[in-house]
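Visitor: Below is one structure. I have some questions about it.
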Amino acid sequence: MIGRPVKRSLTLHGHRTSVSLEDSFWTAFRDIARETGKPINVLAAEIDELRGVESGLASAIRVYILNYYQTKAQDGA
C-alpha cells in the first residue's frame, strides 16, 4: 500500500525548501544518499541542478531513484 506524500524539509544551496514524497521514496532516497556517501541535502542539490524547469523537485527525485535502481540492477550489483 502506497501512502500519501509527506512534506519534508531540505536545504538546497543554503535555502530551505520542502519536497513531498511517499515514505517508500523517502526511504530509498536516504538509502541512496548513504550508499553514495553524500548528505541527503547534497544529493538533493545535485538532482535539483540536473532537473529541467518543467520538472518539479519531487518528480525529479522519484525519477532519480528509479534510474539509480535500474542501473544498479543492470550492473548486477
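The values are calculated or read from the model by the stated rules, or taken from the named source; none is laboratory data. Note that the structure is a prediction, hence the values are computed from the model and not measured. Cβ: placed from backbone, ideal geometry, glycine included. Neighbour counts: every protein chain shown.
Visitor: Only one residue in G14, G56, G76 is modelled with pLDDT under 95 and surrounded by 11 or more Cβ atoms within 10 Å (Cβ to Cβ), so which one is that?
Guide: On the way: G14 fails: surrounded by 11 or more Cβ atoms within 10 Å (Cβ to Cβ); G76 fails: surrounded by 11 or more Cβ atoms within 10 Å (Cβ to Cβ).
Result of the check over G14, G56, G76: G56.
Visitor: Name every residue in segment 1-39 that is β-branched (V, I, T), in contact (Cβ under 8 Å) with a residue 12 or more places away in the chain and within 13 Å of I65 (Cα to Cα), in order of residue number. Even if it seems obvious, please write down each step before you answer.
Guide: Step one: filter segment 1-39 for residues β-branched (V, I, T), giving 2, 6, 11, 17, 19, 27, 32, 36.
Pick out the ones that are also in contact (Cβ under 8 Å) with a residue 12 or more places away in the chain and you get 2, 6, 11, 17, 19, 32.
Within segment 1-39, just I32 meets the criteria.
Visitor: Let me ask something else. If you scan segment 1-43, which residues turn out to be part of a strand (DSSP E or B) and in contact with a Leu (Cβ under 9 Å, 6 or more places away or on another chain)? Steps first, answer last, please.
Guide: Taking segment 1-43 first, the residues part of a strand (DSSP E or B) are 6-12, 15-21.
Those that are part of a strand (DSSP E or B) and in contact with a Leu (Cβ under 9 Å, 6 or more places away or on another chain): V6, K7, R8, L10, L12, R16, T17, S18, V19.
Visitor: To continue, here is another question. Looking only at residues that are of a type outside the set (G, A, S) and over 25 Å from G3 (Cα atoms) in segment 19-38, which one is surrounded by the most Cβ atoms within 10 Å (Cβ to Cβ)?
Guide: Within segment 19-38, the first condition is being of a type outside the set (G, A, S), and the residues that meet it are 19, 21-23, 25-27, 29-32, 34-36, 38.
So of that shortlist, the ones also over 25 Å from G3 (Cα atoms) come out as 36, 38.
Values: T36: 11, K38: 14.
Filtering segment 19-38 for residues that are of a type outside the set (G, A, S) and over 25 Å from G3 (Cα atoms), the one surrounded by the most Cβ atoms within 10 Å (Cβ to Cβ) comes out as K38.
Visitor: So which residues in segment 39-53 are β-branched (V, I, T) and surrounded by 12 or more Cβ atoms within 10 Å (Cβ to Cβ), if there are any at all?
Guide: Quick first cut of segment 39-53, residues β-branched (V, I, T) only: 40, 42, 47, 53.
Once the filter is applied, which keeps residues that are β-branched (V, I, T) and surrounded by 12 or more Cβ atoms within 10 Å (Cβ to Cβ), segment 39-53 yields I40, V42, I47.
Visitor: Please indicate, with yes or no, whether at least one residue in segment 56-67 is assigned to a strand (DSSP E or B) and either out of contact with any helix residue (DSSP H, G or I) (no Cβ under 6 Å at 6 or more places or on another chain) or at negative phi (or both).
Guide: no
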